[in-house]
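The values are calculated or read from the model by the stated rules, or taken from the named source; none is laboratory data. Bear in mind the structure is a predicted one, so any value in this text is a computation, not a measurement. A quick note on method: Cβ atoms are made from the backbone with ideal geometry, for glycine too, and the neighbour counts reach across all protein chains shown. Accessible surface areas use protein heavy atoms only, side chains included; no ligands, DNA or RNA. Shrake-Rupley method; radii C 1.70, N 1.55, O 1.52, S 1.80 Å.
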Amino acid sequence: MKHAELMKKTQANGLVALAILSLGLFATVVPSTAKADDLELMKPGTLVVTVEPYMPYTAVKDGKLVGLDSDILTAVADKLGLKMEVNVTDFPGMLASVQTQRADITIGGIAWSDARQKVGLFTDPPYYSPPAMAVSGTTSFPDVASLEGKNLGTVTGYVWAKSIAQVPNASPHTFPSAEGVFQDISSGRLDVGFLDPLLITYQQQQRPDMKVRIEYLKPPTNEQVTAHPDYKYFQAYMTGFYLPKQSPKLAKAVSDQIDAMYKDGSLAALITKWGGDPKQFLVPSPEMASQRRGVDRPADWNPPSIAK
């Protein structure tokens, strides 16, 4: 939930799917492509992008974007016939660059919120971020009740700090960075750490010696959220690519391509490539449609999904 904070193996099939995608053979569902000349771009034919380095979501390596969000946007830009110009900043700078029209788009696990949509435009969700926990050992934590009385941790400023503080009899801890959370889980000082899901799987790949694994939390019920309002941050949230208010045509063109990637299988392949489970990342929660209907989407809008 990295970007809700400031408000929050690779398998053979995945590799095959990605190889097909790179050859342009995933064009079974192709939306009508907007002409680049019609889009509200700062520079003709170029998409000016801002990112904060935050693997495995976004980073710049050898002058190129890498990470899940980066791969998705690269595929979209290719479909729209656009080059990309990338600038690196921090998270507040990402949002500000869009809101002040110094960038065409920013990406990187940005959580949709009513406050953010009032001063910018969100695309349809390129994926949903499920409630994920970093754990060690064999103990399972299937639901919020199983967290009671446990040592819980997250990063300072993440909205999960509010959630873990409301768990009865739990001992909440916050850390300056995710590395501190991982260290305390590995050592047994923490039972559960709440972090971005792909960050946990990335840590598994990079530091298998720490024996940290990912577990998904069953979201709290409406009754539980009523009793503990900040439990809402234990629920999945919608991510989005973020654009200036003055770029509705560009936002729609990007959304159209994202929606097509749900349908043609390419998005599931990218989620798999970066260690995610498509069933967790590409199926919206029931309440998500109502959050945006009549706000920044039509009254009959449905979030994209791989579910039939």
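Among the residues of the range 114-138, those that are of a type outside the set (A, V, I, L, M) and under 30 Å from Leu190 (Cα atoms) comprise Tyr127, Tyr128, Ser129, Pro130, Pro131, Ser136, Gly137, Thr138.
Output yes when any residue across the range 127-134 is modelled with pLDDT under 95 and part of a loop (DSSP other than H, G, I, E, B), and no when none is. Working first, answer last.
Filtering the range 127-134 down to residues modelled with pLDDT under 95 leaves 129-132.
Next cut, part of a loop (DSSP other than H, G, I, E, B) only: 130-131.
Yes, because at least one residue in the range 127-134 is modelled with pLDDT under 95 and part of a loop (DSSP other than H, G, I, E, B).
Quick check on Lys232: is it touching a Gly at 6+ places or on another chain (Cβ under 6 Å) and either among the charged types (D, E, K, R) or at pLDDT below 95 (or both)? Criteria not met by Lys232.
Of all residues in the range 97-122, those satisfying the criterion of being at pLDDT 95 or above, of a type outside the set (Val, Ile, Thr) and outside any strand (DSSP E or B) are Ser97, Gln99, Gln101, Arg102, Ala103, Asp104, Gln117, Lys118, Gly120.
Screening Pro197 on (1) open to solvent by less than 50 Å² (accessible area, probe 1.4 Å); (2) modelled with pLDDT of 95 or more shows it passes everything except condition (2).
Quick grid of which residues meet (1) open to solvent by 50 Å² or more (accessible area, probe 1.4 Å); (2) at pLDDT 95 or above:
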site: Asn151; (1), (2): yes, yes
site: Gly157; (1), (2): no, no
site: Ala161; (1), (2): no, no
site: Ala170; (1), (2): no, yes
site: Pro176; (1), (2): yes, no
site: Glu179; (1), (2): yes, no
site: Ser187; (1), (2): yes, yes
site: Tyr202; (1), (2): yes, no
